Amino acid sequence: MTEKTLNNNQVVVAGEIASEFVFSHEIFGEGFYMVDLVVSRLSDAYDVIPLMVSDRLFDVTTSHVGEKIMAKGQFRSYNKHEETKNRLILSVFVREIETLDEEEAWDSKPNQVFLDGYVCKEPVYRMTPLGREIADILLAVNRAYGKSDYIPCICWGRNARFAGRLSVGEHIALWGRIQSREYQKRIGNDQVVSKVAYEVSVSKMECLE
């Protein structure tokens, strides 16, 4: 894998493990497991971020709920086939992981992501009822071997105004944090289910070409 491919998608998250490890898949004898990490925001709120961890990196056979860790890797996506449509599944693919002591303080920014990619869908710019500007971007970030990750990003204020003027195919870099957001989805006439969306909340962005 080229260094360029590794550098265009970088994530660092630190927080508390909130679930057991659940088997996802195996490639060439290497098992990959999903686990939820609770990451604090600057406010009292928090994000629950799914991590994909190799059984060669960490002991996935025992419970680590409540342990504090720091993980570095990439924000990745894949399409999951569900009945008649595809659903975009997002998680942090972990390349390095370490346990933090109770006294050990991590960086003051426990949730950081950098992406370098291409706008692959017309940005959607809008105003909230309270007059706040928002824009949604879907960013294609190249991976090795001709693959790409498709990352939903949300911008606010002047970043939203900037994003709203971007065209499909433009090459941009952005910095921010991964956030989880609960929403309600209606199924059928009378059933409503809670679902969680994951996206990058953008703090800074720039055009590269």
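Is it the case that the stretch 179-189 has a residue that's in contact with a Leu (Cβ under 8 Å, 6 or more places away or on another chain) and not β-branched (Val, Ile, Thr)?
no
Within the stretch 100-107, identify whether any single residue is in a loop (DSSP other than H, G, I, E, B), under 21 Å from the mean Cα position of the chain (by Cα) and assigned by TED's automatic domain parsing to the domain that holds residue 8, and answer yes or no.
yes
What are the pairs with Cβ atoms under 6 angstrom where one residue, in the stretch 197-209, is under 15 Å from residue 177 (Cβ atoms) and the other, located anywhere, is loosely packed, with under 15 Cβ neighbours inside 10 Å and basic (Lys, Arg)? Sequence gap at least six, or different chains.
As it stands, the answer is 197/181, since those pairs meet every condition given.
Check off (1) assigned to a strand (DSSP E or B); (2) of a type in the set (A, V, I, L, M, F, W, C); (3) at pLDDT below 95; (4) within 17 Å of residue 111 (Cβ to Cβ) for residue 42 and give me the number that stays unchecked.
(1)
Among (1) surrounded by fewer than 18 Cβ atoms within 10 Å (Cβ to Cβ); (2) assigned to a strand (DSSP E or B), there is one condition residue 51 misses while meeting the rest; what is its number?
(1)
The values are calculated or read from the model by the stated rules, or taken from the named source; none is laboratory data. Model, not experiment: these values are computed from the prediction. Note: ideal-geometry Cβ built from the backbone for every residue, glycine included; neighbour counts use all protein chains shown.
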